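What follows is a single structure, written as structure tokens, with notes after it.
Coordinate-derived values only; no laboratory data. Just so it is clear, the structure is predicted and the values come from calculations on it, not from any experiment. Positions of Cβ are generated from backbone atoms using ideal geometry, with glycine treated the same way; all protein chains shown enter the neighbour counts.
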Amino acid sequence: MIKTKKILFFFLFLFFGSYFCHAQTPDNNGDENKVEVVKMAYLSNELNLTPQEAQNFWPVYNNYVNEIKQARVQYPDDEVAFEKKVVEIKERYQGNFKKVLGNSDKRANKVYTADKQFNNTLRNELKRRQNFQQTPNQMQENRENNPVKNNNMRGAKKQHPPV
């Protein structure tokens, strides 16, 4: 079992390394498929899926993701309704994940946390790449137009600690 994990880790390392190192052109075909493959590898590793568990897990997970996507289409402009629907979907699928993952509440909940971690990592990587591809003028415009990050208090006096 340990040898299988080492082999899986090795392939994940190779795949992640090559995936993130290659320059991406703006119009790459199959980017979505690449992301899905990386996500499958990531979740498999995070959840420590056995081959039997993986065989049962992925159809359930794919149905879960499809329902989340349908909820987004159903509530494109109502974030509260969308979030309520997502909670309902997660509650419904928690039992399914628990059955597939050996009746473990911890592993069933790990599906949601690992999914969120992956999505955050992906989002951060996309932002990093977008910023990397911007010209200095575009970067300056973004800094000027972003009120949250542009809170450097220009012109304010620096406060020094009392002597």
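Observations, loosely collected:
- Stretched out straight at 0.36 nm per residue, the stretch from Gln70 to Phe132 would grow longer than its current Cα-Cα span by 19.0 nm.
- Cross-link pairs exceeding 20 Å in C-alpha to C-alpha distance, out of Lys106/Lys127; Lys69/Lys116; Lys85/Lys127; Lys34/Lys116; Lys39/Lys127; Lys85/Lys116, comprise Lys106/Lys127; Lys85/Lys127.
- Order of Leu49, Leu122 under a 10 Å beta carbon neighbour criterion, fewest first: Leu122, Leu49
- Counting only aspartates and glutamates at least 8 places from Lys98 when in the same chain, those with an alpha carbon closer than 19 Å to its own are Glu46, Glu53, Glu67, Glu88, Asp115.
- Where a label projected 7 Å from the Cα of Arg92 along Cα→Cβ would reach, residues of the stretch 60-78 with amide N under 12 Å: 63-71
- Farthest toward positive dipole pole in the stretch 32-132 [+1 Lys/Arg, -1 Asp/Glu at C-beta], among Val35, Ile68, Gln94: Val35
- Here the scattering of the stretch 32-132 is modelled by Debye summation over its C-alpha atoms, one equal scatterer each and no solvent; at q = 0.10, 0.24 Å⁻¹ the log10 of I(q)/I(0) is -0.31, -1.35.
- Placing pseudo-labels 7 Å out from each Cα toward the beta carbon at Asn120 and Glu83 gives an inter-label distance of 1.6 nm.
- Pairwise FRET efficiency - Lys99 versus Ala54, Cβ, R0 = 22 Å, nearest 0.05: 0.95
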